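Below is one structure, written out as structure tokens; the observations come after it.
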Amino acid sequence: MPKGFMLASDRDVTYRVQQESGSLLFPSPKVKISFRAGLLLVKGNLSDIMLDSSS
């Protein structure tokens with residue numbers, strides 16, 4: 001999806017893609033569009049992610 005692409009809107013709020021490349025994953029594409037939940041995936045490095053192992 002290109003940067004600036006509108007992913008969703010709700011009343012006066014819009015959600016747009018902020019990075020140049022990304023993919024949208026719908027775990028269950030058979031669900032009606034207005035009931036879907038999706039994951040926005042972007043490429044990254046594992047070293048950039050902070051994990052909390054203090055559980």
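In plain terms, the chain from Asp10 to Leu41 could stretch by 9.0 nm, reckoned as 0.36 nm per residue minus the Cα-Cα distance.
Of the residues Leu40, Phe26, Leu51, the one whose Cα sits farthest toward the positive end of the charge dipole of the chain, with +1 on the Cβ of Lys and Arg and -1 on the Cβ of Asp and Glu, is Phe26.
Subtracting the Cα-Cα distance from 0.36 nm times the residue separation, let me have the gained length for Gln18 to Lys32 in nm, one decimal. This chain segment gains 2.5 nm when fully extended. The simple spin-label model puts a point 7 Å past each Cα toward its Cβ; for Asp52 and Met1 those points are separated by 2.7 nm.
Here, each number is a calculation from the coordinates, and none is a lab measurement. These figures come from a predicted structure and were not determined experimentally. Positions of Cβ are generated from backbone atoms using ideal geometry, with glycine treated the same way; all protein chains shown enter the neighbour counts.
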